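For reference, the structure is listed below as structure tokens.
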Amino acid sequence: GAAVPNATVTIRNAATNVAANVTTKDDGTFVVPLLPSGRYNVTVEAANFKKLSQNNLELQVSARLELNLQ
């Protein structure tokens with residue numbers, strides 16, 4: 001249940017296949033600003049951890065989507 005710093009997070013738009021990559025902070029958080037609304041697939045990878053994916057996450061206009069990935 002601990003936070004994982006320096007994990008690579010890939011956020012991919014399901015309709016356009018355009019992706020953004022970010023790295024988690026020391027507290028395990030990450031922010032990807034200014035994403036257009038739509039459906040996204042999120043993948044998180046870190047050394048010594050199993051790859052984690054969540055698909056078909058819907059982002060609404062002007063919304064903030066919080067994920068608790070474990």
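Here is how the numbers come out for the structure above:
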quantity: Index of the failed condition, P5 passing every other in (1) in a loop (DSSP other than H, G, I, E, B); (2) out of contact with any Lys or Arg (no Cβ under 7 Å at 6 or more places or on another chain); (3) open to solvent by less than 60 Å² (accessible area, probe 1.4 Å); (4) not hydrophobic (A, V, I, L, M, F, W, C); calculated: (2)
quantity: Within segment 1-25, considering residues that are more than 11 Å from the chain's Cα centre (by Cα) and of a type in the set (A, V, I, L, M), the one modelled with the lowest pLDDT; calculated: A2
quantity: Q60 being touching a residue at least 12 places away in the same chain (Cβ under 8 Å), farther than 18 Å from A2 by Cα and surrounded by 12 or more Cβ atoms within 10 Å (Cβ to Cβ); calculated: no
quantity: Per-region count, segment 22-46, residues open to solvent by less than 50 Å² (accessible area, probe 1.4 Å) and either of a type in the set (D, E, K, R) or under 21 Å from A2 (Cα atoms) (or both); calculated: 7
quantity: Check on F49, in contact (Cβ under 8 Å) with a residue 12 or more places away in the chain, open to solvent by 100 Å² or more (accessible area, probe 1.4 Å) and closer than 22 Å to G1 by Cα; calculated: yes
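The values are calculated or read from the model by the stated rules, or taken from the named source; none is laboratory data. Bear in mind the structure is a predicted one, so any value in this text is a computation, not a measurement. Cβ atoms come from the backbone with ideal geometry, glycine included; neighbour counts cover every protein chain shown. When the accessible area is computed, the model is the full protein with side chains, heavy atoms only, and any ligands, DNA or RNA have been set aside. Shrake-Rupley method; radii C 1.70, N 1.55, O 1.52, S 1.80 Å.
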